[in-house]
Structure formats: structure tokens, C-alpha cells
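FYI, it's all coordinate maths here, none of it is from the lab. Note that the structure is a prediction, hence the values are computed from the model and not measured. All Cβ positions, glycine included, derive from the backbone under ideal geometry; neighbour counts span all protein chains shown.
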Amino acid sequence: MFTGIIQKIGKMKMKKNKVIIQNPFDNVSIGESIAINGVCLTVENIEENYLYFSLGEETINKTNLKYYNNKYVNLERALRASDFLGGHIVSGHVDGTIAFLSLRKSQDTYWMRFKSPSEKWAITEKGSITINGISLTIARKDLDSFMVQVIEHTFKNTNLQYLKSNDLINYEIDIFNRYIKNIINNIHMI
């Protein structure tokens, strides 16, 4: 489990179905979970200060990692029971990719617009969404898109600063929305 509060960004290399990142953390262990652009991956090997992860077929097909060779990715270590929960509960199980549409800066605020995912029921104003692993609040929504408001600190300390129009980003809908939807869909079975 994660919080969506990005701890580091790092340049990712991909070789076949392997992700390689220079280790930016202290005391990483083999078997540890690290979210890369919001995707929960397991550290399989550590060599010469590089972390190695394998990508399964579903991860390759459902996420944007295949497009991030030699690009910056957001990194977050898994939440420990004693850690501060600063964002929202993020599982690291990415739902898919959507397109980044536009950016508008207004003073120290960055307004970012994204195409709505197929789970339109999950896009709720003032609700949470994870974008490339970042815990964000949905500020506005319309029929086919939604906007988030990003503060300067988040923009400059994540890979949001590198996005171009139509880049694909990973998204994860809020886990509570998912559970509520599941309960509503199955209420007739009770």
C-alpha cells in the first residue's frame, strides 16, 4: 500500500520486461515493493546501486511503463504501519492509462486536464485519483475530461513537469469508490 506522496523521481531504463532504476533510497531490500509511476513492483535484484524489477504481461499492457524508457518516473516506497498517511490510500494496482490534455498556470497553481477514464463513475469532484502515482484531488469534471489543481512543489518534484499533450499517464481510481461501486452492483445478491 502507498500514499501517493512521491518521494523521488528517477530515470528509468527498460530491457525487455525488466525495469532498471538507479537506487535513490537507503536500505532497500530484495522483495520490497516500490511504486513506479504508481505501479507496485517488487525489487528482484540490486546490483551496483541499481534496482531491478520484472514486468508481467498485464503490467506491460495496462500501464505506461513501456513508454518510459530513458524518461523520468515517480517513485514511492511502500507504506509502513508507522508512516504518516499524507495522501490517500493507493494500492499500486493501476487501472489503465489516459491522455494528458493540457496545462494552464495561474500564479503558483498548475491546472492540469486529463481525459476521463472509462470508469466515469469514479471521477468525483473533490474526490481522489492517482496520476502516475501522485495522490491528487479532482477539482473539476465535465463530460469527457477532468482537471486537477497541482501546487508548485508537487509539479516541480514529480514527473508532471515533463508531460506533453497526449502523453499517456497511469491512473488508479480511489479504492473507496471501487468498493462502494462493487457493493452497489452486488446489493441485489444479498
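Treat the count of other C-beta atoms within 10 Å as a stand-in for reagent exposure and order LEU65, LEU85 from fewest to most.
Taking fewest neighbouring Cβ atoms as first place, the list is LEU85, LEU65.
To test your reading of the geometry: what angle, between 0 and 90 degrees and rounded to tens, separates the Cα axis of helix 175-186 from the longest principal axis of the chain?
Relative to the chain, helix 175-186 is tipped by roughly 50 degrees.
Where the only charges are on Cβ atoms (+1 Lys, Arg; -1 Asp, Glu), what is the dipole of the range 96-185 about its Cα centre, to the nearest 20 debye? Don't jump to the answer; show the numbers that get you there.
Working: 12 positive and 9 negative charges, 26 e Å.
The calculation lands at about 120 debye.
Based on the Cβ-Cβ distance of SER82 and SER29, what FRET efficiency does E = 1/(1 + (r/R0)^6) give at R0 = 22 Å, to the nearest 0.05? Write out the running numbers ahead of the final one.
Working: r = 17 Å, r/R0 = 0.77.
Calculated value: 0.85.
Treat the chain as a sphere of radius equal to its Kirkwood radius over Cα pairs and apply Stokes-Einstein at 20 °C in a medium of 1.002 mPa s; give the translational diffusion coefficient in µm²/s, rounded to a whole number. Before the final figure, lay out each step's value.
On the way: Rh = 17.1 Å.
For these conditions, the coefficient is 125 µm²/s.
Could you give the radius of gyration (one decimal) and Dmax (whole number) of the Cα atoms in the range 96-185, in Å?
12.9, 43
Assuming R0 = 41 Å, what is the FRET efficiency of TYR72 and ILE180, from their Cβ-Cβ distance, to the nearest 0.05?
Working: r = 34 Å, r/R0 = 0.83.
Plugging the Cβ-Cβ distance into 1/(1 + (r/R0)^6) gives 0.75.
Can you put PHE25, PHE146, PHE155 in order, fewest other beta carbons within 10 Å first?
Least crowded to most crowded, the residues run PHE25, PHE155, PHE146.
What is the order of LYS156, LYS115, fewest Cβ neighbours within 10 Å to most? Kindly include the intermediate steps, with their values, before the conclusion.
Working: LYS156 11, LYS115 16.
In increasing order of surrounding Cβ atoms, one gets LYS156, LYS115.
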